[in-house]
Structures are given as C-alpha cells and as structure tokens.
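All remarks here apply to the structure that follows.
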Amino acid sequence: MRIGTGFDIHRLVPGRALVLGGIKVPSDKGSLAHSDGDALIHAVIDAILGALALGDIGKLFPDTDPRYKDINSETLLLAVLSSIGSHSIVNVDATVILQAPKLGDLTFDMASNLARILRIDPSNVSVKAKTAEHLLGELGSGDAVAVQASVLID
Ligand code: MG
C-alpha cells in the first residue's frame with residue numbers, strides 16, 4: 001500500500017468556468033489556469049503521482065505546453081491512470097476550500113464523477129467542502145479555490 005497527498009490552488013476570476021471534479025459549479029467566477037483549472041482533479045493527480053513517486057502534474061503537463069491549453073482535466077487524469085500499471089486506487093479523500101459559492105450536494109456529484117473516472121466504487125471516494133472562514137487572504141475573500149487530496153494505492 002502506498003499513500004500520496006496532493007494540493008492545488010487557483011485564482012478565481014470573472015469570465016472563467018468553475019469546474020471541480022469535472023462538475024461545473026454555478027459561480028460568477030472561475031479558475032484562472034492554462035488548463036480548465038479543475039483544482040480537485042489536479043490535486044487527485046498529484047496525490048496519485050506522489051504515492052508512486054512519479055513526479056508532479058507540472059512536470060508531466062507543463063503549463064507552457066500549448067497541447068494543454070484549456071484541456072479538460074479528466075483527460076489528464078486518464079493519462080495518469082494509464083501510466084500506473086498494475087497499481088489500483090483504493091480510496092480518495094479530498095477537501096475543497098472555497099469561500100463561495102457553497103458546494104452543498106455538488107460534492108456528491110464530484111465524488112461520483114471521480115469514482116467513474118477512477119473506475120472505483122463511489123463509496124471509496126470522499127469529497128468534502130469547507131470555507132476559509134473569510135481568512136487566508138484570497139481564499140477567504142473568495143478569489144481563490146484550493147484543494148487537498150489523499151489517495152491510497154494498492
Ligand atoms: Mg491546477
């Protein structure tokens with residue numbers, strides 16, 4: 001068994017979509033990024049890569065590479081999954097830190113979508129949400145989204 005952790009943060013700006021775990025979140029601001037800015041999938045990717053000591057998302061998919069411009073992060077996660085060989089993902093636990101909007105039941109949609117992509121049972125994927133209690137600079141003012149994720153790999 002190997003454990004990995006991932007972290008990601010993106011600035012939120014008007015005119016961009018907010019996508020987390022492949023789910024579009026109704027919001028007047030979205031992630032500023034070279035890709036689609038899906039901080040949840042990015043953190044999960046880094047947790048998988050970390051568990052297997054395979055580097056990090058920035059090394060695999062440089063944000064200077066035009067191939068990854070506005071790319072759907074599910075595509076990146078599938079590429080990582082195809083490189084983990086016989087290893088299988090046991091479970092995922094993630095926390096989204098977002099001041100607004102409140103994610104509510106969307107966290108369940110994110111968890112089941114991640115489970116679909118990872119091809120594991122939805123009972124093995126957890127997505128939690130919390131605000132930054134108006135603290136922590138841009139996170140607390142609603143101008144950024146951050147995600148922490150842990151992954152266990154067999
Ligand atoms: Mg990212």
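General observations
- Expressed as a whole percent, the accessible area of the stretch 58-154 that falls on carbon and sulfur atoms is 53 (1.4 Å probe).
- The chain: angle of helix 39-51 to the longest principal axis, Cα-based, in degrees nearest 10: 30 degrees
- In plain terms, the bigger the Kirkwood radius, the slower the diffusion; for the chain, with that radius from Cα pairs, at 4 °C and 1.567 mPa s, Stokes-Einstein puts D at 85 µm²/s.
- Sequence-distant aspartates and glutamates (8 or more away, or on other chains) whose Cα lies within less than 14 Å of Lys130: Asp93, Asp105
- Each pair of Cα atoms in the stretch 87-154 enters the Kirkwood radius, and Stokes-Einstein at 4 °C and 1.567 mPa s then converts it into a translational diffusion coefficient of 103 µm²/s.
- Linear extension gain, Ala53 paired with Asp121, 0.36 nm per residue minus alpha-carbon span: 22.0 nm
- Of all aspartates and glutamates in the structure, the ones whose alpha carbon falls short of 19 Å from that of Lys29, not counting any fewer than 8 places away in one chain, are Asp8, Asp38, Asp70, Glu133, Glu138, Asp143.
- Degrees between helix 106-118 axis and first principal axis of the chain (Cα, 0 to 90, nearest 10): 30 degrees
The values are calculated or read from the model by the stated rules, or taken from the named source; none is laboratory data. The shown structure was predicted, so the numbers you read here are calculated from the model rather than taken from an experiment. We work out accessible area using only protein heavy atoms, side chains counted, and drop any ligands, DNA or RNA first. Shrake-Rupley method; radii C 1.70, N 1.55, O 1.52, S 1.80 Å.
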